[in-house]
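Working notes, beginning with the structure itself.
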Amino acid sequence: MKVLFKRARVFDGWSGTLRDGCDVLVADGLIQRVSEAPVPVTGNTEVIDCAGRVLMPGMIDAHVHVYAATFQLPTTQPSTYLAHYASRFLTAALDRGFTTVRDTGGADVGLASALRDGLLVGPRLYYGGRIVTQTGGGNDMRPLDHALPDHVCGCACYNDPFTVVADGSETLLRVVREELRRGAFHIKIMLSGSIVSPHTSVNHSEYTDAEISTIVDVAKRAGKYVTAHCHTAEAVRRGVQLGVGCIEHGTQIDAETAALVAERGVFVVPTMAIMFAMLDEHEQLHLPPVYLEKLRTICERALPGLQLMKAAGVKMGFGSDLLGPLHTRQTSELTVRARVLAPLDILRSACAVNAELLREEGRLGCIREGAFADILVVDGDPLSDISVLSGNGERLGVIMNAGRFHKRTL
């Protein structure tokens, strides 16, 4: 069956103006036509009158952790519990208008296969497998009193569904190749400390140049890219200079580093939602004082960093990074960014820029002929008021994913 959206105002994922009075025809999971002239209705075509509402691409969240059911990492919960949490997370993300997500630590082929086979309801999933961190690095969550022989096997593979601890080029070769063998779309590494690691400062500079180069080389040989967790400007510079293709967070970036990132064409995926959510709800979450101290320091420069990257022309993606119960605040990434960025910049990040990051230009994050039919129909104009996309999809009259209706109230 075909679906014809009539009389829509179209945001194509990039343009700064809406195309009024458009008809958009969907069939076989793809957008077949986008026309400012009326498209004839043929047999077996369902017609939806948008009546001037905005039709736009489904949004992409490029930094999620679908198995992170709690702040307590590494988790002690069984994999069956994590799978049920992931199912709820994914369905809720789709309810909010996110038709694609990129998991940057934890998700695996089993979850992707369940989505593909219709066992779960959720967005399209791109996953990077386990995060690769050095011993004592930003994602090495072992308590200080845990001895090596009891918790790490001889090949240094830490038993954690989110992370693999590995050091030295020879070991990293095996570890990265294993994540790629398991279907990882990218490889994520830690180049600075983490907020939620009790034992590292965000100012830590992690991995040697040789180790980073090894990881980058293995990924490139497989046609993949490396994304790096970086808070400090130094970590960002090292990653970019050594061939990393994407930076996660980049909270402490400076103007000189932003210019370098833009020059090299490297992506940055800032994650504002998690930081401000943790600050807002730190009492309910019982966050340790060390987390709060790091958070407050980082938040001072995070929003100005968005302005620096915008001025430098950095390709800024869109990610939320929310853990545990905070995933309900996913769309707050839109409204937090709106404190310093225009709605168009935010929408481009969540649509066209993230599609380029995923190497799916022309297929995701856009309304054009031949693209996947990932479509939202919005009650309101997100180009003038980004908050119409906030909440839990209350102002979304249609959510279509790969040509199938997830929600339809029109």
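The values are calculated or read from the model by the stated rules, or taken from the named source; none is laboratory data. Bear in mind the structure is a predicted one, so any value in this text is a computation, not a measurement. So basically every Cβ, Gly included, is an ideal-geometry build from the backbone, and we count neighbours across all protein chains shown.
Listed here are the residues, each with its yes/no results for (1) crowded, with 21+ Cβ neighbours inside 10 Å; (2) under 27 Å from the mean Cα position of the chain (by Cα).
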| site | (1), (2) |
| --- | --- |
| Phe5 | yes, no |
| Asp12 | no, yes |
| Gly21 | no, no |
| His63 | yes, yes |
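I need the full set of residues from the range 379-395 which are in contact with a strand residue (DSSP E or B) (Cβ under 8 Å, 6 or more places away or on another chain) and buried (at least 23 other Cβ atoms within 10 Å of the Cβ), in order please. Of everything in the range 379-395, those that are in contact with a strand residue (DSSP E or B) (Cβ under 8 Å, 6 or more places away or on another chain) and buried (at least 23 other Cβ atoms within 10 Å of the Cβ) turn out to be Pro382, Leu389.
If only residues of the range 87-141 that are in contact with an Asp or Glu (Cβ under 6 Å, 6 or more places away or on another chain) and either not assigned by TED's automatic domain parsing to the domain that holds Ala352 or not in a loop (DSSP other than H, G, I, E, B) (or both) are counted, the one that is farthest from Leu376 (Cα to Cα) is Thr133. Scan the range 276-302 for residues that are among the acidic types (Asp, Glu) and touching a residue at least 24 places away in the same chain (Cβ under 8 Å) and the total you get is 1.
Beta carbons closer than 6 Å, at least 6 apart along the sequence or on distinct chains, pair a first residue in the range 242-263 that is farther than 20 Å from Asp209 by Cα with a second that is among the basic types (Lys, Arg) for Gln252/Arg301.
Every listed requirement among (1) in a loop (DSSP other than H, G, I, E, B); (2) among the β-branched types (Val, Ile, Thr); (3) surrounded by 15 or more Cβ atoms within 10 Å (Cβ to Cβ); (4) within 27 Å of the chain's Cα centre (by Cα) is met by Thr17 save one, (3).
Note on the range 362-408: among residues that are among the hydrophobic types (A, V, I, L, M, F, W, C) and part of a loop (DSSP other than H, G, I, E, B), the one that is nearest to Leu115 (Cα to Cα) is Ala402.
Which residue is surrounded by the most Cβ atoms within 10 Å (Cβ to Cβ), if the candidates are limited to the range 238-268 and must be among the hydrophobic types (A, V, I, L, M, F, W, C) and more than 21 Å from Asp345 (Cα to Cα)?
First pass over the range 238-268, keeping only residues among the hydrophobic types (A, V, I, L, M, F, W, C): 240, 242, 244, 246-247, 253, 255, 258-262, 266-268.
Going one step further and asking which of them are more than 21 Å from Asp345 (Cα to Cα), we end up with 240, 242, 244.
On the way: Val240: 23, Leu242: 20, Val244: 26.
That would be Val244.
Screening Cys22 on (1) free of Cβ contacts under 8 Å to residues at least 24 places away in the same chain; (2) part of a strand (DSSP E or B) shows it passes everything except condition (1).
Against the condition within 22 Å of the chain's Cα centre (by Cα) and in contact (Cβ under 8 Å) with a residue 24 or more places away in the chain, how does Leu308 come out, does it pass?
yes
Restricting attention to the range 324-340, which residues are of a type in the set (A, V, I, L, M, F, W, C) and crowded, with 20+ Cβ neighbours inside 10 Å?
Leu326, Leu334, Val336
If you take the residues in the range 154-165 that are over 17 Å from Ala222 (Cβ atoms) and touching a helix residue (DSSP H, G or I) at 6+ places or on another chain (Cβ under 8 Å), which one is modelled with the highest pLDDT? It would help to see each step written out before you state the result.
Of the range 154-165, the ones over 17 Å from Ala222 (Cβ atoms) are 154-163, 165.
When the remaining residues are screened for being touching a helix residue (DSSP H, G or I) at 6+ places or on another chain (Cβ under 8 Å), the result is 155-159, 161.
Working: Cys155: 49, Ala156: 46, Cys157: 44, Tyr158: 45, Asn159: 59, Pro161: 82.
Here the answer is Pro161.
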